[in-house]
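Computed from the coordinates by the stated procedures, all read-outs in this text should not be read as laboratory data. For clarity, every value in this text was computed on a predicted model and none was experimentally measured.
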Protein chains: 2
Amino acid sequence: MKSTMMKALGEPNRLQIVELLRSGPLTVGEIAESLEIRQPQASKHLRILNEAGILEVQAVANRRIYKLRQEPFQELDDWLTSFQSIWEEKLDRLDAYLEELQSKKIDQEEKS
Amino acid sequence: MKSTMMKALGEPNRLQIVELLRSGPLTVGEIAESLEIRQPQASKHLRILNEAGILEVQAVANRRIYKLRQEPFQELDDWLTSFQSIWEEKLDRLDAYLEELQSKKIDQEEKS
DNA sequence: ATGGAATATTCTTGTAAAGGAATATTTAGG
DNA sequence: CCTAAATATTCCTTTACAAGAATATTCCAT
């Protein structure tokens, strides 16, 4: 679900992790060091991002290499694109809406 | 900040409000009714969305008409677009990364 | 001015989420 | 086997957040 992804990215450290991973895959330790947070917190944040479908892991010996998955970002982008088309059409129809309210009010007055 | 917007949209009701407002401006009461939540909760969620810069209000007599603002969505879209270019380049360079790790390991062995 | 409708705010309470410290797990190397 | 490194997990405490109920505010019509 989109709101799961949003929620995951709503935490500043996690958004920073995503920014970091834009430059390529990284290990937990590298991420923790970059963000200046402790390793367990890094692991926890990575877990949440992973469970939200934003990341994927590859185990290499001792290490875990995390990288971004493309799909969720693609999906989000599609969603936003679907906004663009509507933008001019419906969004700024405040005038129309006000008139609508106005006519409802008149109806109501006619009844009384 | 982007994470503020994400955080705001990370709450399911609030994301639904945004979906609703895609069809045009609405009053608090209409939103509450649509989402089947109580008016005070609707007001609270709208407040958070508003403070995140996602909405704007127009007072008309008794009512408050909320509508989407374009800018934050545009900004988010730009961010996502900036992902696309990086996508093929750096993201899937796991091979390269592994080799890098490998060479570091060799360095280390040379020292001992 | 009074009452009612629409909305916002406050207060409280339950629950989730984040950080810290400690501990468990896995893996490679000796 | 034993140790050290990298990572994950658990437990605890504190903070943040959402829903509910009640109340305040604003505005219009009478």
Rh by Kirkwood over Cα pairs, then Stokes-Einstein D for the stretch B:2-69 at 0.692 mPa s and 37 °C, µm²/s: 281 µm²/s
Short version: ³J(HN,Hα) in whole Hz for each residue of the stretch A:41-48, in order, from phi by Karplus 6.51 cos²θ - 1.76 cosθ + 1.60 (θ = phi - 60°), x for Gly and Pro, what are they? 5, 4, 4, 5, 5, 5, 4, 5
Extension length gain for B:Ser82 and B:Glu56 (0.36 nm per residue less Cα distance), in nm, is 6.7 nm
